[in-house]
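Report on the structure given below.
The values are calculated or read from the model by the stated rules, or taken from the named source; none is laboratory data. The shown structure was predicted, so the numbers you read here are calculated from the model rather than taken from an experiment. Every residue, glycine among them, receives a Cβ derived from its backbone with ideal geometry; neighbour counts consider all protein chains shown. Each accessible area value is taken on the protein alone, full model and side chains, heavy atoms only, with ligands, DNA and RNA left out. Shrake-Rupley method; radii C 1.70, N 1.55, O 1.52, S 1.80 Å.
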Amino acid sequence: MGAAERVAVGGPTAILGGALAGIEVRCMACGAVSPGDRPLTACPVCGGLLDVVVPIAGPIDPAVFGRGLPGPLARSGVWRFRPLLPAIPDEAIVSRWEGNTPLYRDDRLAAWAGLDAGAVRVKHEGHNPTASFKDRGMTVGVSHAKAVGARIVACASTGNTSASLASYAAAAGMPSLVLVPDAKISGGKLSQTIAYGAKVVQVAGDFDVALALLRQLTAAWDVYLVNSVNPFRLEGQKTIVFETLEQLAWQPPDYLVLPGGNLGNTAAFGKALRELFEAELIDRVPKLVVVQAAGAAPFAAYWDGGWERFAAVQAETVATAIKIGNPASTARARRSVEFTGGLVTSVGDDEIMDAKAEIDRVGIGCEPASAASLAGLRRLVAAGTIRRDATAVCVLTGHVLKDSDAVAAYHLDDHAGLPRPGANRPLRVAADLPSLERALADALHG
Ligand code: F0G
């Protein structure tokens with residue numbers, strides 16, 4: 001992760017910096033503690049990754065969640081968990097009723113994954129305001145940016161972080177800057193980002209190149225970085241775990257399965273589980289299962305090699321959201337996997353798209369990267385790594401409409417000269433009843 005980098009925002013421009021005085025961040029590498037009243041994305045001492053310190057004094061009663069908060073914050077699926085979040089003052093909080101996402105049980109998906117009826121649930125983060133889990137982190141990141149008086153907020157993105165940032169920055173009345181790869185990000189995500197008014201820069205390179213370039217910029221410019229190297233963003237993403245466990249009456253599944261790209265979510269999930277355990281809200285910790293796309297799987301290779309050596313890769317996958325070869329949160333994600341006794345695997349693009357077709361077909365729907373979770377679960381059950389009587393929650397990170405090109409390619413294009421099994425192709429008919437009846441007779445009875 002290079003030398004210590006600091007985003008030069010705050011100081012004299014900070015409007016609420018004093019109110020953040022109690023918040024601290026700690027370096028996971030050297031343990032140095034720094035004040036949380038300024039934008040830091042790396043330890044000022046050694047350059048390591050930072051965690052927000054959330055003091056947990058003893059058991060927490062889940063009945064406190066959402067209590068005593070002003071209306072808009074009580075309605076947020078993030079801010080209702082305030083006892084487990086940094087104490088950002090109310091007046092800085094930028095919230096769009098994020099979170100509150102459904103946890104679906106679907107036994108067809110359980111059967112497809114090879115597990116018993118009732119064993120699989122999916123947590124649908126596509127039901128957030130900008131249709132991905134990023135909104136949970138963004139409400140905390142942008143609120144912190146506002147509290148420290150940031151003038152411009154920025155991120156590099158494969159599309160979802162940028163859409164979310166653009167929306168939350170607009171809500172806050174702050175300009176936002178976004179660097180995206182110049183090829184292969186979904187048109188829908190780019191459209192959202194443009195529509196919400198971010199300044200979009202298409203970089204001649206992939207996500208890893210764009211993030212490295214933005215980090216150079218933020219080291220020198222007065223710009224607040226909200227990529228997941230920002231520890232405040234991860235605080236919001238913890239609430240995916242909090243809300244899931246709350247929906248399960250604090251009875252953890254055996255496995256919590258999620259796609260891994262830049263590994264911010266994996267980092268956040270491990271921290272969330274540790275805090276829930278310390279607060280005695282859960283009495284056992286589910287194993288995290290991180291699933292990468294085979295063409296973008298440096299973390300899976302790192303795990304396979306017994307954490308001996310991490311090597312970045314040149315990423316390539318149909319799941320453009322996780323087309324990342326040098327994940328920024330690798331060290332924090334390793335800590336999460338180790339803490340939960342979890343595992344890391346990878347799945348091919350065909351497995352991802354077949355899993356997505358299953359999730360779509362049962363009426364739930366998700367974008368390709370999200371489906372890596374169910375594809376990974378199925379693979380691990382088939383391999384005997386996960387027992388058939390286990391229970392699992394798969395996190396669906398983004399909405400089906402995020403990548404409609406991927407849907408069209410799966411259902412409309414030929415694959416190896418043939419339609420995919422289960423491809424759902426629209427019929428084309430002349431505008432008269434006999435033509436319609438003939439086509440339907442063939443399609444429905446043929
Ligand atoms: N799923 C979706 C839909 C995503 O957009 C991302 C990341 C991930 C999974 C992976 O999460 O990075 O925390 O491991 N998208 C980022 C972006 C990189 O820019 O939108 P992660």
Checklist outcome for this item: With criteria (1) at pLDDT below 95; (2) under 23 Å from Ala312 (Cα atoms), Gln202 comes up short on (1)
Item to check | Within the stretch 78-89, considering residues that are of a type outside the set (Lys, Arg) and over 16 Å from Val142 (Cα atoms), the one most open to solvent (accessible area, probe 1.4 Å) | outcome: Pro83
Checklist outcome for this item: the stretch 195-298: helices (runs of 4 or more DSSP H) wholly inside it with 2 or more residues that are in the same structural domain as Gly325 (by TED's automatic domain parsing) and away from the ligand (no atom under 13 Å from the Cβ) are 231-247, 264-278
Next on the checklist: Whether any residue in the stretch 299-313 is under 21 Å from Ala42 (Cα atoms) and within 14 Å of the ligand (Cβ to nearest atom) is what I want to check.
Outcome noted: yes
Next on the checklist: Can you name every one of the strands (runs of 3 or more DSSP E) wholly within the stretch 1-66 that holds 1 or more residues which are at pLDDT 95 or above and open to solvent by 30 Å² or more (accessible area, probe 1.4 Å)?
Outcome noted: 24-27, 33-35
Checklist entry - When only residues in the stretch 120-155 that are within 23 Å of Val400 (Cβ to Cβ) and part of a loop (DSSP other than H, G, I, E, B) count, which is most open to solvent (accessible area, probe 1.4 Å)? => result Pro129
Item to check | Residues satisfying the stated conditions in the stretch 162-175, i.e. open to solvent by 10 Å² or more (accessible area, probe 1.4 Å) and either touching a residue at least 24 places away in the same chain (Cβ under 8 Å) or in contact with a strand residue (DSSP E or B) (Cβ under 7 Å, 6 or more places away or on another chain) (or both) | outcome: Ala170, Ala171, Ala172, Met174, Pro175
Item to check | Residue list for the stretch 319-364, filter: within 22 Å of Arg420 (Cβ to Cβ) and away from the ligand (no atom under 15 Å from the Cβ) | outcome: Gly348, Asp350, Glu351, Asp354, Ala357, Glu358, Arg361, Val362, Gly363
Checklist outcome for this item: In the set Ala372, Ala382, the lone residue that is among the small types (Gly, Ala, Ser), closer than 22 Å to Asn160 by Cα and in the same structural domain as Phe310 (by TED's automatic domain parsing) is Ala372
